[in-house]
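All remarks here apply to the structure that follows.
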Amino acid sequence: MKIRKRQVPVFVALFLFNACAMQQTGRVAQDQPQRHVPLFSAERAIQDEWQEILIRGKTEYRVTASAGRVAIRAIGQNSASGLLRRVQVDPVNCPKIEWSWRVDQLQETADIRVKEKEDVAASIYLMFGDPGLLLTPKQVPSLRYVWTNQRMDVESIVDSPYLPGTVKSLVVRSGSRQPEWFIESRNILKDFERAFGYTPKEAIEAIALFTDNDQTKEPVLAYYEWGRLECRTDRES
């Protein structure tokens with residue numbers, strides 16, 4: 001089953017997700033009594049109304065079953081495009097993120113520090129602040145959790161060669177051996193402060209999944225299963 005997507009013009013996509021026309025959908029409430037709050041899931045991909053962000057070509061995103069799991073499969077086609085959805089998350093009340101992903105193939109010559117080699121096998125963007133509308137785009141601080149090759153050490157933080165000072169990549173996992181699912185758990189507040197040097201001043205207002213191979217042209221295959229937030233309960237607030 002293909003994911004139904006709305007396309008955004010290329011000139012907007014060049015802001016790397018920070019300047020997109022978006023409809024407000026799938027708001028994440030901060031006052032829910034439950035601890036775990038869904039952020040995204042492959043099973044709800046159509047209901048979540050992901051929007052496709054086109055930069056160069058089209059990475060193929062498709063809901064599929066893999067090893068008994070339903071996931072959003074991303075196949076690079078010498079492309080750079082992603083899926084984005086609008087959320088509303090207070091990182092103070094919801095400081096932790098968890099997600100499940102897998103990479104079967106990655107680009108061995110990629111280097112996220114260099115424009116000409118800046119491909120990632122899998123990544124999740126968190127955008128802090130309102131990215132704006134189509135005609136009035138804004139660049140907002142964006143923290144990107146990345147799975148790339150072994151060129152980069154885990155926990156490395158890399159300033160984007162395209163949007164320095166605006167997009168910071170944090171390497172969560174490097175290399176790909178036998179295909180295996182991994183569940184990641186990160187403290188958003190601590191990671192943001194490490195990357196930017198200050199605590200976030202705005203709510204998280206958009207997330208994006210992004211896999212690309214337009215620079216290296218090397219095969220890439222990744223899966224995104226689900227993501228969720230760990231939020232404080234009313235008693236803990």
| When Ala206 is evaluated against the numbered criteria (1) under 17 Å from Gly82 (Cβ atoms); (2) over 16 Å from the mean Cα position of the chain (by Cα), which criterion, by number, is the only one it fails? | (2)
| remark: Within the range 107-141, of all residues that are in a strand (DSSP E or B) and modelled with pLDDT of 95 or more, the one surrounded by the most Cβ atoms within 10 Å (Cβ to Cβ) is Met127
| Would a scan of the range 66-73 turn up a residue that is assigned to a strand (DSSP E or B), surrounded by fewer than 17 Cβ atoms within 10 Å (Cβ to Cβ), small (Gly, Ala, Ser) and out of contact with any helix residue (DSSP H, G or I) (no Cβ under 8 Å at 6 or more places or on another chain)? | yes
| For the range 85-95, does any single residue satisfy the condition of being more than 18 Å from the chain's Cα centre (by Cα) and in contact (Cβ under 8 Å) with a residue 24 or more places away in the chain? | yes
| field | The lone exception for Tyr198 - which of (1) of a type outside the set (Val, Ile, Thr); (2) without any contact (Cβ under 8 Å) to a residue 60 or more places away in the chain; (3) part of a helix (DSSP H, G or I) it fails | value | (3)
| said: For the structure I just gave you, tell me whether Val92 is surrounded by fewer than 17 Cβ atoms within 10 Å (Cβ to Cβ), in contact with a helix residue (DSSP H, G or I) (Cβ under 8 Å, 6 or more places away or on another chain) and within 22 Å of Gly227 (Cα to Cα). | reply: yes
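The values are calculated or read from the model by the stated rules, or taken from the named source; none is laboratory data. As the structure is a prediction and not an experimental result, all values here were calculated from the model. No Cβ is skipped: glycine too gets one built from the backbone with ideal geometry, and neighbour counts run over all protein chains shown.
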